[in-house]
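A quick write-up on the structure given underneath.
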Amino acid sequence: AFQHRLWPEIEKTVKQQVAMARMGIGDCGSGWQLFAEDGEMKMYRREEEVDGMVVDPLKAVHVVKGITGHEVCHYFFSPQYRYDWETTLEQMTVLETISDDTLMFHQIHKRIWPASQRDVVFWSHMRKLPNDQDRDGPDIWTVVNNSTEDPDHPANAGKCVRIFLTVCLLCQTRVIPPKDGTPLSRDNISCKITYCSVVNPGGWAPASVLRAVYKREYPKFLKRFTAYVKNQTKSKPIMY
Ligand SMILES: O=S(=O)(CCO)c1ccc(-c2ccc(C3CCCC3)c([C@@H]3C[C@@H]3c3ccccn3)c2)cc1
């Protein structure tokens, strides 16, 4: 197939991000601190600063009943649903369709007072991965979003401060077949979701403000997004 200029970077980043997402939280010595918990959802962060800016890596793990990893990645990747679940989104543009599983986006996010408004340009790639731990287990699905440059959208040219991010959504479907051999239903499936993100806010913003934004927005985002996928899929055939 035709090699897009970004392909080597996409390959490398996906492998790297998937490997990191699969690593557990490790013991508390690993610097991950639990900062939000809601039922099956657990959110961890590491406090890190680059050039005095908060870039706290985030790792969330969640188990959601009744949906598959393919369905979670489909609704996360596909642009047509994004305004339904991404509450901080003010504008989203698909800049390039690199392939049917790889897009380039420009997004302007709502201003979060007192920080100035932010925008981001990133490529987004969705992929099914072989389940190398359990050969005949269900596949693993992932979406990786990674900031990139676009000559038509230079950073900090307009009113927005350009942010930089790397995001990995890794989903593992679990199937527990019913004892009595009846056909599988959504009651027999669940999805283990690992969401990793590192957001560099671009321009300086007070650490206390950013950490408050992260603490509020990330749990809200993951709960809202997973509830959205459950609602969208509940009366549709299971997409494995
Ligand atoms: O997973 S994605 O690729 C989904 C596609 O949309 C993605 C996730 C998060 C962001 C994002 C962009 C800007 C900001 C801030 C930084 C300073 C002021 C605005 C934030 C802060 C962390 C808070 C936040 C967290 C989660 C959701 C929305 N807001 C997050 C962008 C994309």
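Evaluation of LYS192 against the conditions (1) more than 16 Å from the ligand (Cβ to nearest atom); (2) modelled with pLDDT of 95 or more; (3) surrounded by fewer than 18 Cβ atoms within 10 Å (Cβ to Cβ); (4) more than 16 Å from the chain's Cα centre (by Cα) shows that the sole unmet condition is (4). Does LYS234 fit the bill of being touching a residue at least 60 places away in the same chain (Cβ under 8 Å), within 28 Å of TRP123 (Cβ to Cβ) and not polar (S, T, N, Q)? Answer is no for this residue.
Conditions tested, residue by residue: (1) among the hydrophobic types (A, V, I, L, M, F, W, C); (2) in contact with a Lys or Arg (Cβ under 9 Å, 6 or more places away or on another chain); (3) assigned to a strand (DSSP E or B); (4) farther than 21 Å from GLN133 by Cβ.
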| site | (1), (2), (3), (4) |
| --- | --- |
| MET20 | yes, yes, no, no |
| LYS59 | no, yes, yes, no |
| GLN80 | no, no, no, yes |
| THR97 | no, no, yes, yes |
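Close contacts from region 88-113, counting a first residue that is more than 18 Å from ARG5 (Cβ to Cβ) and more than 14 Å from the ligand (Cβ to nearest atom) and a second that is part of a strand (DSSP E or B) and at pLDDT 95 or above, with Cβ to Cβ under 8 Å and a gap of 6+ residues or different chains, come to none at all.
Is at least one residue of region 214-229 assigned to a loop (DSSP other than H, G, I, E, B) and either surrounded by fewer than 20 Cβ atoms within 10 Å (Cβ to Cβ) or near the ligand (Cβ under 10 Å from one of its atoms) (or both)? Among the residues of region 214-229, not one is assigned to a loop (DSSP other than H, G, I, E, B) and either surrounded by fewer than 20 Cβ atoms within 10 Å (Cβ to Cβ) or near the ligand (Cβ under 10 Å from one of its atoms) (or both), which makes the answer no. When the residues of region 114-139 are filtered to those that are charged (D, E, K, R) and touching a residue at least 24 places away in the same chain (Cβ under 8 Å), which remaining residue is farthest from the ligand (Cβ to nearest atom)? Filtering region 114-139 for residues that are charged (D, E, K, R) and touching a residue at least 24 places away in the same chain (Cβ under 8 Å), the one farthest from the ligand (Cβ to nearest atom) comes out as ASP139.
The values are calculated or read from the model by the stated rules, or taken from the named source; none is laboratory data. All figures in this text were calculated on a predicted structure; none of them were measured in a lab. Cβ: placed from backbone, ideal geometry, glycine included. Neighbour counts: every protein chain shown.
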